[in-house]
1. Which of the residues spanning region 334-345 are more than 14 Å from residue 76 (Cβ to Cβ) and either of a type outside the set (Gly, Ala, Ser) or in contact with a helix residue (DSSP H, G or I) (Cβ under 8 Å, 6 or more places away or on another chain) (or both)?
2. Has region 166-176 got at least one residue that is part of a helix (DSSP H, G or I), free of Cβ contacts under 8 Å to residues at least 24 places away in the same chain and either under 20 Å from the mean Cα position of the chain (by Cα) or surrounded by fewer than 21 Cβ atoms within 10 Å (Cβ to Cβ) (or both)?
3. What is the one condition in (1) crowded, with 19+ Cβ neighbours inside 10 Å; (2) among the aliphatic types (A, V, I, L, M); (3) in a loop (DSSP other than H, G, I, E, B) that residue 193 does not satisfy?
4. Do you know which residues across region 139-164 are out of contact with any Gly (no Cβ under 7 Å at 6 or more places or on another chain) and assigned to a helix (DSSP H, G or I)?
5. Against the definition (under 21 Å from the mean Cα position of the chain (by Cα), modelled with pLDDT of 90 or more and either more than 30 Å from residue 32 (Cα to Cα) or not in a helix (DSSP H, G or I) (or both)), how does residue 126 come out, yes or no?
6. Which residues, taken from region 135-154, are surrounded by fewer than 22 Cβ atoms within 10 Å (Cβ to Cβ) and farther than 16 Å from residue 237 by Cα?
7. Can you say whether residue 38 is at pLDDT 90 or above, crowded, with 19+ Cβ neighbours inside 10 Å and under 26 Å from residue 234 (Cβ atoms), as far as the supplied structure shows?
Amino acid sequence: MSTTLVSADQLLHDAEEGRAPARTFTASQPTPFEWFFVITGGLALFLPLVWWIGEDELNANERIQWYFWASALISSPHVYSTYVRQYRKSREGKISWWLGLPAYLAMVLLLLGISYAGYFVEAITAVNVWQSFHYLRQTYGIGCLYGGQKQMDALDRRLRWWAYHLCFPWLILGRWDMLYQAWGGQSYDLMPLDIDDMLLNWLGLLALCGVYLQVVLEARSIWKNGRDYRLTGLICFSMFLGVHWYGFMYLSHYQRGFFTVTIFHALQYLALVWVLERQHYVSRGVKWVEMVPNLVGFLIFWAVLYGLGYGWEQKITVALTHWWLMASSILLAAISMHHYTVDSFIWRRTVGR
């Protein structure tokens, strides 16, 4: 297992707060599994399929139920993997049990009230804007976990924080402006936004400032680390910017782009939870976990979460719809909200690995 993750949470939150003293870390190269599934989000596995299917086919839901397939096979397991980590951290006393079922039920009631008030579409739009931020923050976290150098100080961490976050407004608002263009201003259970072109241009310049800061960070890292300099941080930043520009901003590839972002995000998250949970149980001396090949264990982990997620989304909520017409809409939207909320707690430094 990569020793990069030994100081994972420390790196993440030192970077977030920008107040860590200069120090030396053991920064090994990630394992092949981490390169393939976490850092690059399994792009080599599914991107050829996305390009082969094509824009027209993805847009014609009657020809290929691509969104259902992606949601059932990939997106659902990644959402429910959140609860694997949450369960362990709750047992360790690192987070409150209120974040579990009580928080989920509160969100169900909140969405129910919003729905009866006639603002459900607006609420779901807000949740999806939150989703965009959630996607981007995850790639920032990956950059922190794997982008360390032997010599990094507080300024380096602040540069990395600003490099990522200065790009966020352009990508988030750009996605919603792109939806407006792609949908011709129409609402399909979401409200697209027509963002002023001048504002987007200014936000684009702000994003270029973020790219410039990343270049400065890499130059500082080369200067301070010499032969020990690692390209991993630059690769993580390039993946963050490239994948989300393609998925959020590229109008002529609207279907393929967001399909790519969705799978990239889901596989990256699912694999990261697997890496950390496997590392935890191996360190606790659970021999059978270590004996199972990493890739085989990951596929089993994926399959179990797929079964649980599919059962909840396609069996239980569908059955409940017979008695409550809003069951699927409310219960599944609340799952997304709960996933984003729990994520804001279970990756904190105080929670640990």
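1. The initial filter retains those residues of region 334-345 that are more than 14 Å from residue 76 (Cβ to Cβ), namely 334, 337, 340-345.
If the condition is that a residue be more than 14 Å from residue 76 (Cβ to Cβ) and either of a type outside the set (Gly, Ala, Ser) or in contact with a helix residue (DSSP H, G or I) (Cβ under 8 Å, 6 or more places away or on another chain) (or both), then 334, 337, 340, 341, 342, 343, 345 are the ones that fit.
2. Taking region 166-176 and keeping what is part of a helix (DSSP H, G or I), we get 168-176.
Retained after the next criterion (residues that are free of Cβ contacts under 8 Å to residues at least 24 places away in the same chain): none.
No, region 166-176 contains no residue that is part of a helix (DSSP H, G or I), free of Cβ contacts under 8 Å to residues at least 24 places away in the same chain and either under 20 Å from the mean Cα position of the chain (by Cα) or surrounded by fewer than 21 Cβ atoms within 10 Å (Cβ to Cβ) (or both).
3. (1)
4. Passing the criteria: 139, 140, 141, 142, 144, 145, 146, 155, 156, 159.
5. On the way: under 21 Å from the mean Cα position of the chain (by Cα): yes; modelled with pLDDT of 90 or more: yes; either more than 30 Å from residue 32 (Cα to Cα) or not in a helix (DSSP H, G or I) (or both): yes.
Criteria met by residue 126.
6. Matches in region 135-154: 150, 151, 153, 154.
7. Spelling it out, residue 38 is indeed at pLDDT 90 or above, crowded, with 19+ Cβ neighbours inside 10 Å and under 26 Å from residue 234 (Cβ atoms).
Each row is one residue, and each column tells you yes or no for (1) under 19 Å from the mean Cα position of the chain (by Cα); (2) within 27 Å of residue 104 (Cα to Cα); (3) modelled with pLDDT under 50; (4) assigned to a helix (DSSP H, G or I).
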residue: 13; (1), (2), (3), (4): yes, yes, yes, yes
residue: 21; (1), (2), (3), (4): no, no, yes, no
residue: 28; (1), (2), (3), (4): no, no, no, no
residue: 51; (1), (2), (3), (4): no, no, no, yes
residue: 71; (1), (2), (3), (4): yes, yes, no, yes
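The values are calculated or read from the model by the stated rules, or taken from the named source; none is laboratory data. In this text, all values refer to a predicted model and were calculated from it rather than measured experimentally. As a convention, Cβ positions derive from the backbone with ideal geometry for all residues, glycine included, and neighbour counts pool all protein chains shown.
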